[in-house]
Amino acid sequence: MGVAIARCSIPVLCFSLFVGGAWGQDSSAPKPEAGEKHEFVLPNFKTESGVTLPQARVVYGTYGRLNAARDNVILLPSHYMADFHGYEWLIGPGHALDTSKLFLVATGYIVFTYLAFGILTLALHDEMVAGDRAATGLALFIGAYWLVRLVIDWFWFGHRIWPRGRRFVVAHIGLELLFAFLAAVYLAVAIRKMIG
C-alpha cells in the first residue's frame, strides 16, 4: 500500500505547480503563444499485453526553440484538459514558462491520473470502507483534488476556455456535477473516519 500512496506524489507535485502558477499569474504579461502541433506515428506498436496496434499516434505540442546545448527542454503533462493546450496561459515570453529561455514539450495524458484514482479506489475499496488510515488519506487526497479542481474552474477559468454553444454549456455543467459528486463521495469517506 505504501507504494500505491507514494505513486500519488507525482500528481500532487504537478497539481502544486499548477496551483502555484494559477495564483501567481501576472495579468499584465504578454499574450501567451500557441503551440505547434506534432504527431509521432509508431507503426506496428506492440503493447505489454502482446496486442499489436497497426499505428500508435503520439500527439504533442512544442513551444519555444531548442537551444544549441539541447538542455532547455521541459516536459509538461496536461493539467486541465486532455490535450497539450492546457498550459498556454502560462506560456510565452514574460510568462511563468518563458519560451525565450525554454523549449517546452506539452502532452495530454491527464486521463492516466483519473484512471489511477479509479484503479486505486477499486484496489483499496475494502480498506477505504473499513477506515484504514492510508486508504482514508488517499480518499482525502482524491476528494481534495476534485474539490480544488472545481474551485479553480469556478473562480479561475469559468466557461471562457470552453467552446461556444448550448451543448458545450450543458456538457460543462454535467462534468462539474460529476466532479462535485466525486469530491463529495471521497471526502465523505475521509471525514467519516476522522470524526467517527
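The values are calculated or read from the model by the stated rules, or taken from the named source; none is laboratory data. Since this is a predicted model, take the numbers as computed values, not measurements. Quick reminder, even Gly has a Cβ in these numbers, built from the backbone with ideal geometry, and neighbours come from all protein chains shown.
See the values below:
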read-out: Extreme residue, modelled with the highest pLDDT, among residues of region 64-92 that are outside any strand (DSSP E or B) and touching a helix residue (DSSP H, G or I) at 6+ places or on another chain (Cβ under 7 Å); value: Leu90
read-out: Search result, residues across region 34-63 that are over 22 Å from Trp89 (Cα atoms), of a type in the set (S, T, N, Q) and in a strand (DSSP E or B); value: Asn44, Thr52, Gln55
read-out: Phe179 being modelled with pLDDT of 85 or more, more than 30 Å from Gly196 (Cα to Cα) and in contact with a Leu (Cβ under 6 Å, 6 or more places away or on another chain); value: no
read-out: Output for region 93-123, where each listed residue is at pLDDT 85 or above and part of a loop (DSSP other than H, G, I, E, B); value: Pro93, Asp98, Thr99, Ser100, Lys101, Leu102
read-out: Residue check, Leu53 of a type in the set (A, V, I, L, M, F, W, C), within 20 Å of the chain's Cα centre (by Cα) and at pLDDT 75 or above; value: no
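Yes/no per residue for (1) in contact with a Phe, Trp or Tyr (Cβ under 8 Å, 6 or more places away or on another chain); (2) among the small types (Gly, Ala, Ser):
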{"site": "Gly94", "(1), (2)": "no, yes"}
{"site": "Val148", "(1), (2)": "yes, no"}
{"site": "Val151", "(1), (2)": "no, no"}
{"site": "Arg166", "(1), (2)": "no, no"}
